[in-house]
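Below is one structure, written out as structure tokens; comments come after it.
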């Protein structure tokens, strides 16, 4: 069930349990970095997410971007991107555990 929730809120590339976290995040980052400059701006994030079938909407995308852009330079470098995903994944795990009272994997 947790995989389903993660898959809903994060692209499949970020939820692939067969790879370690950093390589999952690197794969996703490469998909979003459309101009391959090592940074993702808001337009790339929006376009990339839509291309992966994850149209979150402008407000949600801007919220993700703002939360991840810790140095507020208008771009996400890989470290910012990875840190955002790690924190988001941690929050999702905690939320799921709070719903899964009997630890059966079903909230």
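Summary table below
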{"quantity": "Among (1) surrounded by 12 or more Cβ atoms within 10 Å (Cβ to Cβ); (2) modelled with pLDDT of 95 or more - the single one residue 62 does not satisfy", "calculated": "(2)"}
{"quantity": "Complete set of residues in region 81-94 that are without any contact (Cβ under 8 Å) to a residue 60 or more places away in the chain and out of contact with any strand residue (DSSP E or B) (no Cβ under 7 Å at 6 or more places or on another chain)", "calculated": "83, 84, 87, 90, 91, 94"}
{"quantity": "Residue count, region 74-107 (criterion: modelled with pLDDT of 85 or more, in a loop (DSSP other than H, G, I, E, B) and surrounded by 12 or more Cβ atoms within 10 Å (Cβ to Cβ))", "calculated": "1"}
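Per-residue answers, yes or no, for (1) within 17 Å of residue 89 (Cβ to Cβ); (2) touching a residue at least 12 places away in the same chain (Cβ under 8 Å); (3) exposed (fewer than 12 other Cβ atoms within 10 Å of the Cβ); (4) out of contact with any strand residue (DSSP E or B) (no Cβ under 8 Å at 6 or more places or on another chain):
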position: 25; (1), (2), (3), (4): yes, yes, no, yes
position: 30; (1), (2), (3), (4): no, no, no, yes
position: 40; (1), (2), (3), (4): no, yes, no, no
position: 46; (1), (2), (3), (4): no, yes, no, yes
position: 49; (1), (2), (3), (4): yes, yes, no, yes
position: 56; (1), (2), (3), (4): yes, no, no, yes
position: 67; (1), (2), (3), (4): yes, yes, no, yes
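The values are calculated or read from the model by the stated rules, or taken from the named source; none is laboratory data. These figures come from a predicted structure and were not determined experimentally. No Cβ is skipped: glycine too gets one built from the backbone with ideal geometry, and neighbour counts run over all protein chains shown.
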